[in-house]
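Participant: Starting off with a structure, shown below.
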Amino acid sequence: MRNFPKTAEEERVDFEERFIKDAIQFEETIVIEDELIEKYIRGWMDSAERLKFEKSFLTTNRRRERVDFTRQVIRKIDEQ
């Protein structure tokens, strides 16, 4: 175990590693959410999964707007 404080360089490296890890985690979360939103919009969820999505994801205006926006994008893509 280390008994002395980290150097500024060690602190910077630690910060960058946490930032990169958090950025990767954030991107992974967005991808998963996008996939769930598409499944929801296209009706590819069973009733239990759909209910769980509605109760846990559609809890804020921002998320509902995201689903509406994605619905519009999918509709435009499907029309072409």
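Participant: Can you tell me which residues in the stretch 36-54 are under 22 Å from Asp78 (Cβ atoms) and among the basic types (Lys, Arg)?
Facilitator: Lys39, Arg42, Arg50 - these are the residues of the stretch 36-54 that are under 22 Å from Asp78 (Cβ atoms) and among the basic types (Lys, Arg).
Participant: Also, quick follow-up: Counting only residues that are assigned to a helix (DSSP H, G or I) and either surrounded by 10 or more Cβ atoms within 10 Å (Cβ to Cβ) or modelled with pLDDT under 95 (or both), how many does the stretch 38-54 have? Give the derivation first.
Facilitator: Residues of the stretch 38-54 that are assigned to a helix (DSSP H, G or I), as a first pass: 38-42, 47-54.
After this cut, where a residue has to be either surrounded by 10 or more Cβ atoms within 10 Å (Cβ to Cβ) or modelled with pLDDT under 95 (or both) as well, the list is 38-42, 49-54.
Count: 11.
Participant: Okay, moving on. Do you know which residues across the stretch 1-34 are surrounded by 11 or more Cβ atoms within 10 Å (Cβ to Cβ) and either closer than 18 Å to Val67 by Cα or charged (D, E, K, R) (or both)? Write out each step before concluding.
Facilitator: Step one: of the stretch 1-34, the residues surrounded by 11 or more Cβ atoms within 10 Å (Cβ to Cβ) are 6, 10-14, 33-34.
Within the stretch 1-34, Lys6, Glu10, Glu11, Arg12, Asp14, Glu33, Asp34 meet the criteria.
Participant: Which condition from (1) in contact (Cβ under 8 Å) with a residue 24 or more places away in the chain; (2) more than 20 Å from the chain's Cα centre (by Cα) is the one that Glu33 breaks?
Facilitator: Looking at each condition in turn, Glu33 falls short on (2).
The values are calculated or read from the model by the stated rules, or taken from the named source; none is laboratory data. Keep in mind the model is a prediction, meaning the values are calculated, not measured. Reconstructed Cβ throughout: ideal geometry from the backbone, glycine too, with neighbour counts over all protein chains shown.
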